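As structure tokens, the structure follows; a few thoughts come after it.
The values are calculated or read from the model by the stated rules, or taken from the named source; none is laboratory data. No experiment lies behind these values; they were computed from the predicted model shown. Reconstructed Cβ throughout: ideal geometry from the backbone, glycine too, with neighbour counts over all protein chains shown.
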Amino acid sequence: MSMQRLEIDKFKGENDFSLWRIKMKALLVHQGLSDAIFEENLAAINDKAKTREIQLKEHSIILLSIGDEVLREVAEEDTALKVWRKLESIYMKKSLTNRLLLKKQLYTLQMEENQELRKHLDDFNKLILDLRNVDVKIDEEDQGIILLSSLPKTYENIVDTMLYGKQTLTSTEVKSILMSKDVQRKTDQKEDKNGNILIARGRSESRRINANKKCYHCNKERA
């Protein structure tokens, strides 16, 4: 049975390198290739011809998964491992300046009052992933506190409950509760909107019916 062909969006230097990196690894696994970007996987293969075939295939797949501008930056690299390391050195800088910049962005992240919660969580998750890729790991409790601190005043009750009403705190738990509350809020808003529409329709229908009625005493239509 032939394997289904999968494709991912090309990395063009502007989209998220961290996510592309994860998808690229998944694509290589899906293609049935031993990961040539980690040389120890190839060391277990005794067949040199097979090893070379894997290297060439992975090299080709990576090159076909990047845009022209990015390709020019790695065009001289002749193996998948070299291309991979070159891309990481350019787009996943582990310098002190970059680490501090990412930390600052995380600690100063704030959700606007009219911003969608899902968008804010995505921004938060991106920063956590970017930090992890430059060898900075924020533990679950600190992530939870940072996330709660980034919420606007409309979430004040939820923040107080989670900060002062629990013995432990994790970012996973915070995200789960926030998403549940957000779904509930949107459901309540929808029900209120539908209720107001029904009330308005009822009043309109009542006026229409009353407009056709006549006064019992004067036999004139009511206003």
(message) So, restricting to helices (runs of 4 or more DSSP H) that lie completely within segment 80-163, which ones have at least 2 residues that are more than 17 Å from the chain's Cα centre (by Cα)?
(response) 80-91, 96-107, 140-149
(request) For residues that are assigned to a loop (DSSP other than H, G, I, E, B) and at pLDDT 85 or above, scanning just segment 1-30, find the one that is surrounded by the fewest Cβ atoms within 10 Å (Cβ to Cβ). (result) Glu14
(request) Considering each residue of segment 164-184, count those that are assigned to a helix (DSSP H, G or I), surrounded by fewer than 13 Cβ atoms within 10 Å (Cβ to Cβ) and among the polar types (S, T, N, Q), and give that number. (result) 4
